[in-house]
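Only one structure is covered here, and it is reproduced in the block below.
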Amino acid sequence: MESLIHSLIDWFALPRNGLGSVFLVAFASATLLPMGSEPAVFAYAKLNPDQFWLVVAVATVGNTLGGAVNWWMGRGASAAIATGRNHRLLRWFERLGPPALVVSFLPVVGDPMCALAGWLRLPFWRCIGWIALGRVLRYTLMTSLLLWVPDGWWRGLGRLIGF
(Lines give C-alpha, C1' and ligand atoms only; values in the text may rest on other atoms or scores of the structure.)
Protein backbone atom coordinates (compact mmCIF):
# COMPACT_ATOMS: atom_id res chain seq x y z
CA MET A 1 0.00 0.00 0.00
CA GLU A 2 2.82 2.37 0.89
CA SER A 3 4.48 1.80 -2.49
CA LEU A 4 1.18 2.59 -4.23
CA ILE A 5 0.93 5.88 -2.36
CA HIS A 6 4.53 6.76 -3.22
CA SER A 7 4.01 5.90 -6.89
CA LEU A 8 0.87 8.07 -7.00
CA ILE A 9 2.71 10.98 -5.40
CA ASP A 10 5.58 10.48 -7.84
CA TRP A 11 3.20 10.32 -10.80
CA PHE A 12 1.51 13.61 -9.81
CA ALA A 13 4.87 15.35 -9.28
CA LEU A 14 4.38 18.82 -10.75
CA PRO A 15 7.81 19.61 -12.15
CA ARG A 16 7.85 16.47 -14.26
CA ASN A 17 4.20 15.98 -15.19
CA GLY A 18 3.04 19.60 -14.87
CA LEU A 19 -0.15 20.59 -16.58
CA GLY A 20 -1.34 17.01 -17.00
CA SER A 21 -1.30 16.61 -13.24
CA VAL A 22 -3.09 19.92 -12.77
CA PHE A 23 -5.77 18.80 -15.25
CA LEU A 24 -6.30 15.42 -13.56
CA VAL A 25 -6.39 16.87 -10.06
CA ALA A 26 -8.83 19.61 -11.17
CA PHE A 27 -11.00 17.03 -12.94
CA ALA A 28 -11.06 14.62 -9.99
CA SER A 29 -11.74 17.38 -7.47
CA ALA A 30 -14.80 18.50 -9.44
CA THR A 31 -16.40 15.09 -9.16
CA LEU A 32 -17.97 14.00 -5.92
CA LEU A 33 -14.54 12.99 -4.56
CA PRO A 34 -13.60 15.02 -1.48
CA MET A 35 -10.48 16.84 -2.63
CA GLY A 36 -9.41 20.29 -3.73
CA SER A 37 -7.41 21.34 -6.75
CA GLU A 38 -6.17 24.71 -5.51
CA PRO A 39 -2.89 23.39 -4.03
CA ALA A 40 -1.89 21.82 -7.37
CA VAL A 41 -2.88 24.93 -9.33
CA PHE A 42 -1.04 27.21 -6.93
CA ALA A 43 2.07 24.99 -6.87
CA TYR A 44 2.28 24.94 -10.65
CA ALA A 45 1.70 28.70 -10.89
CA LYS A 46 4.36 29.28 -8.22
CA LEU A 47 6.87 27.12 -10.12
CA ASN A 48 5.94 28.72 -13.47
CA PRO A 49 4.57 32.24 -12.88
CA ASP A 50 4.87 33.03 -16.59
CA GLN A 51 2.26 30.33 -17.28
CA PHE A 52 -0.37 31.76 -14.90
CA TRP A 53 -3.15 32.00 -17.49
CA LEU A 54 -2.28 28.62 -18.98
CA VAL A 55 -2.59 26.86 -15.61
CA VAL A 56 -5.84 28.71 -14.88
CA ALA A 57 -7.19 27.60 -18.28
CA VAL A 58 -6.11 23.96 -17.83
CA ALA A 59 -7.55 23.80 -14.30
CA THR A 60 -10.79 25.43 -15.46
CA VAL A 61 -11.21 22.96 -18.33
CA GLY A 62 -10.47 19.97 -16.08
CA ASN A 63 -12.75 21.22 -13.31
CA THR A 64 -15.55 22.07 -15.76
CA LEU A 65 -15.35 18.61 -17.33
CA GLY A 66 -15.60 17.13 -13.83
CA GLY A 67 -18.73 19.24 -13.32
CA ALA A 68 -20.07 17.85 -16.61
CA VAL A 69 -19.52 14.31 -15.27
CA ASN A 70 -21.61 15.26 -12.23
CA TRP A 71 -24.32 16.68 -14.52
CA TRP A 72 -24.46 13.38 -16.47
CA MET A 73 -24.51 11.35 -13.24
CA GLY A 74 -27.47 13.42 -12.07
CA ARG A 75 -29.23 12.92 -15.37
CA GLY A 76 -28.65 9.18 -15.14
CA ALA A 77 -29.95 9.13 -11.59
CA SER A 78 -33.03 11.04 -12.70
CA ALA A 79 -33.77 8.39 -15.31
CA ALA A 80 -33.14 5.55 -12.86
CA ILE A 81 -35.12 6.91 -9.93
CA ALA A 82 -38.61 8.20 -10.49
CA THR A 83 -39.44 10.66 -7.72
CA GLY A 84 -41.51 13.79 -7.52
CA ARG A 85 -40.09 17.29 -7.80
CA ASN A 86 -42.13 18.71 -4.97
CA HIS A 87 -39.26 19.41 -2.62
CA ARG A 88 -38.84 23.15 -1.99
CA LEU A 89 -35.09 23.19 -2.70
CA LEU A 90 -35.58 21.36 -5.98
CA ARG A 91 -38.22 23.89 -7.07
CA TRP A 92 -35.93 26.77 -6.02
CA PHE A 93 -32.99 25.39 -8.01
CA GLU A 94 -35.19 24.66 -11.01
CA ARG A 95 -36.51 28.24 -10.92
CA LEU A 96 -32.97 29.70 -10.80
CA GLY A 97 -31.81 27.44 -13.57
CA PRO A 98 -28.28 27.25 -15.01
CA PRO A 99 -27.08 30.65 -13.64
CA ALA A 100 -27.15 29.12 -10.14
CA LEU A 101 -24.20 26.96 -11.23
CA VAL A 102 -21.86 29.96 -11.21
CA VAL A 103 -21.32 29.13 -7.52
CA SER A 104 -20.88 25.39 -8.12
CA PHE A 105 -17.22 25.76 -7.15
CA LEU A 106 -18.21 26.13 -3.48
CA PRO A 107 -17.07 23.35 -1.16
CA VAL A 108 -19.60 20.71 -0.06
CA VAL A 109 -22.59 22.02 -2.06
CA GLY A 110 -21.02 22.80 -5.45
CA ASP A 111 -20.48 19.35 -6.91
CA PRO A 112 -23.93 18.09 -5.90
CA MET A 113 -25.37 21.23 -7.56
CA CYS A 114 -23.97 20.01 -10.90
CA ALA A 115 -25.54 16.60 -10.35
CA LEU A 116 -28.82 18.24 -9.38
CA ALA A 117 -28.78 20.26 -12.62
CA GLY A 118 -28.51 16.99 -14.54
CA TRP A 119 -31.23 15.46 -12.37
CA LEU A 120 -33.53 18.35 -13.28
CA ARG A 121 -32.46 18.04 -16.93
CA LEU A 122 -31.43 21.67 -17.15
CA PRO A 123 -29.87 22.53 -20.54
CA PHE A 124 -26.42 20.93 -20.67
CA TRP A 125 -24.45 23.60 -22.56
CA ARG A 126 -25.92 26.50 -20.59
CA CYS A 127 -25.02 24.66 -17.38
CA ILE A 128 -21.47 24.04 -18.62
CA GLY A 129 -21.09 27.73 -19.49
CA TRP A 130 -22.12 28.85 -15.99
CA ILE A 131 -19.97 26.17 -14.35
CA ALA A 132 -16.95 27.28 -16.41
CA LEU A 133 -17.52 30.96 -15.59
CA GLY A 134 -17.63 30.31 -11.85
CA ARG A 135 -14.57 28.10 -11.93
CA VAL A 136 -12.40 30.42 -14.02
CA LEU A 137 -13.27 33.24 -11.63
CA ARG A 138 -12.35 31.05 -8.66
CA TYR A 139 -9.01 29.91 -10.08
CA THR A 140 -8.08 33.42 -11.23
CA LEU A 141 -8.91 35.02 -7.90
CA MET A 142 -7.48 32.37 -5.59
CA THR A 143 -4.28 31.75 -7.52
CA SER A 144 -3.55 35.43 -8.05
CA LEU A 145 -4.13 36.13 -4.35
CA LEU A 146 -1.80 33.32 -3.35
CA LEU A 147 0.88 34.42 -5.81
CA TRP A 148 0.83 38.19 -5.48
CA VAL A 149 -0.21 39.01 -1.93
CA PRO A 150 2.97 39.58 0.12
CA ASP A 151 4.07 36.70 2.35
CA GLY A 152 4.06 38.91 5.43
CA TRP A 153 0.34 39.48 5.00
CA TRP A 154 -0.35 35.73 5.06
CA ARG A 155 1.78 35.25 8.18
CA GLY A 156 -0.12 38.08 9.89
CA LEU A 157 -3.43 36.52 8.92
CA GLY A 158 -2.22 33.14 10.25
CA ARG A 159 -1.32 34.65 13.60
CA LEU A 160 -4.67 36.45 13.71
CA ILE A 161 -6.66 33.23 13.25
CA GLY A 162 -4.38 31.16 15.48
CA PHE A 163 -2.07 29.25 13.09
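The values are calculated or read from the model by the stated rules, or taken from the named source; none is laboratory data. Keep in mind it's a predicted model, so treat the numbers as computed, not measured. Positions of Cβ are generated from backbone atoms using ideal geometry, with glycine treated the same way; all protein chains shown enter the neighbour counts. What goes into the accessible areas is simple: the full protein's heavy atoms, side chains included, and nothing from ligands, DNA or RNA. Shrake-Rupley method; radii C 1.70, N 1.55, O 1.52, S 1.80 Å.
Restricting attention to region 118-130, the residues that are in a helix (DSSP H, G or I) and either in contact with a Pro (Cβ under 7 Å, 6 or more places away or on another chain) or of a type in the set (A, V, I, L, M, F, W, C) (or both) total 7.
Answer with yes or no whether ALA115 is surrounded by fewer than 22 Cβ atoms within 10 Å (Cβ to Cβ) and not in a loop (DSSP other than H, G, I, E, B). No; evaluated as a whole, the condition is false for this residue. Residues in region 68-93 that are open to solvent by 60 Å² or more (accessible area, probe 1.4 Å) and at pLDDT below 80: ALA79, ALA80, ILE81, ALA82, THR83, ARG85, ASN86, HIS87, ARG88, LEU89, ARG91, TRP92.
If you go through region 25-37, how many residues are surrounded by fewer than 18 Cβ atoms within 10 Å (Cβ to Cβ) and within 18 Å of THR140 (Cα to Cα)?
Residues that pass the stated criteria total 1.
Look at region 36-62: where a residue is free of Cβ contacts under 8 Å to residues at least 24 places away in the same chain, no partner that is among the charged types (D, E, K, R) and loosely packed, with under 15 Cβ neighbours inside 10 Å sits 6+ places away or on another chain with Cβ atoms under 6 Å. Screening the candidates LEU4, LEU8, LEU65 for the property of being part of a helix (DSSP H, G or I) and at pLDDT 80 or above yields one hit, LEU65.
Might you check whether a residue that is part of a loop (DSSP other than H, G, I, E, B) and either at pLDDT 85 or above or open to solvent by less than 40 Å² (accessible area, probe 1.4 Å) (or both) occurs anywhere in region 47-57? Yes: one or more hits.
Within region 90-112, restricting attention to residues that are among the small types (Gly, Ala, Ser) and outside any helix (DSSP H, G or I), the residue that is nearest to PHE124 (Cα to Cα) is GLY97.
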